[in-house]
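Each remark here refers to the structure printed beneath this line.
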Amino acid sequence: EDWRQRLRLESLPDYLIVQNLGHHYGYREDAIARAHCGDRLAALYVLRIAMDHLAAAMLASIGITNSYPKWRTRLLEMHQDELDKREVETLLRYLFPNINADASGTVREALAFADTAIGELIGRRPQLIPALLELDEQVSFVKRFSEIPMAQSSNQL
């Protein structure tokens, strides 16, 4: 706590949320693209990375700023009451997806969950809305399969 005061780290959680959501959106695009191309294992692997960044943002939204991935699952379990136990359980399922699962379906479900979780996260930190809107203006994120031009004409997904 003394370091937080001396180093003026009161905004660290907000910074980590914006940073991790930016990474989450980048990796989720990769997961969508890999699933769209039929690269099942790569889609599930990249989905795992995207969900890990979502987990870091969710933890930061309650003030947990330990960014070391090694502790992510332990911190999620320790703070599941603050985050919502069912939400943490669902997140953990997507952090460790079944490698034999249908990648397109798993990615769709995970991203629908992520959208809801991000909404709740922003509800905990509404002061971040301007920064997130600015990020959205600067970077064109694909958020859904239907936003991929080829996906609109394809029934593969």
Q: State the extension gain, in nm to one decimal, for the chain segment bounded by A112 and Q5, taking 0.36 nm per residue of separation less the distance between their alpha-carbons.
A: 34.7 nm
Q. On a 0 to 90 degree scale, rounded to 10, what angle separates helix 103-124 from the longest Cα axis of the chain?
A. 30
Q: Could you order peptides 60-66, 115-121 by the average number of other Cβ atoms within 10 Å of their residues, highest first?
A: 60-66, 115-121
Q. Per the 1.4 Å probe, what fraction of the accessible area of the chain, in percent, lies on carbon and sulfur atoms?
A. 51
Q | Solvent-accessible heavy-atom area per residue, rounded to whole Å², over the stretch 1-138 at 1.4 Å | A | 55
**Q.** C-alpha long axis of helix 12-36 to longest principal axis of the chain, angle in °
**A.** 10
(Q) Test of understanding: what is the full-extension gain from E89 to I62, defined as 0.36 nm times their sequence separation minus their Cα-Cα distance? (A) 8.0 nm
Q | Estimated 222 nm signal from helices in the chain, with DSSP H stretches of n ≥ 4 weighted -39500 (n - 2.57), rounded to 500 | A | -21500 deg cm²/dmol
Q: Can you list which of the GluC sites (Glu not before Pro) found in the stretch 1-87 are DSSP loop residues with at most 16 other C-beta atoms within 10 Å?
A: E1, E10
Q: List, in order, the whole-Hz ³J(HN,Hα) value for each residue of the stretch 66-74 obtained from phi through the Karplus relation with A = 6.51, B = -1.76, C = 1.60 and θ = phi - 60°; use x for Gly and Pro.
A: 5, 8, 6, x, 4, 9, 4, 5, 4
Q) Rounded to the nearest 0.05, what FRET efficiency do Q127 and C37 have when you use their Cβ-Cβ distance and R0 = 41 Å? A) 0.60
(Q) Just to check, using Stokes-Einstein with a Kirkwood Rh over alpha carbon pairs, what's the diffusion coefficient of the chain at 20 °C and 1.002 mPa s in µm²/s? (A) 132
**Q.** Degrees, to the nearest 10: 40-60 long Cα axis against longest axis of the chain
**A.** 20
Q: Using a 10 Å cut-off on Cβ atoms, rank the peptides 19-27, 44-52 from the highest mean neighbour count down.
A: 44-52, 19-27
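The values are calculated or read from the model by the stated rules, or taken from the named source; none is laboratory data. What you are looking at is a predicted structure, and each value in this text was computed from that prediction instead of being measured. No Cβ is skipped: glycine too gets one built from the backbone with ideal geometry, and neighbour counts run over all protein chains shown. Accessible surface areas use protein heavy atoms only, side chains included; no ligands, DNA or RNA. Shrake-Rupley method; radii C 1.70, N 1.55, O 1.52, S 1.80 Å.
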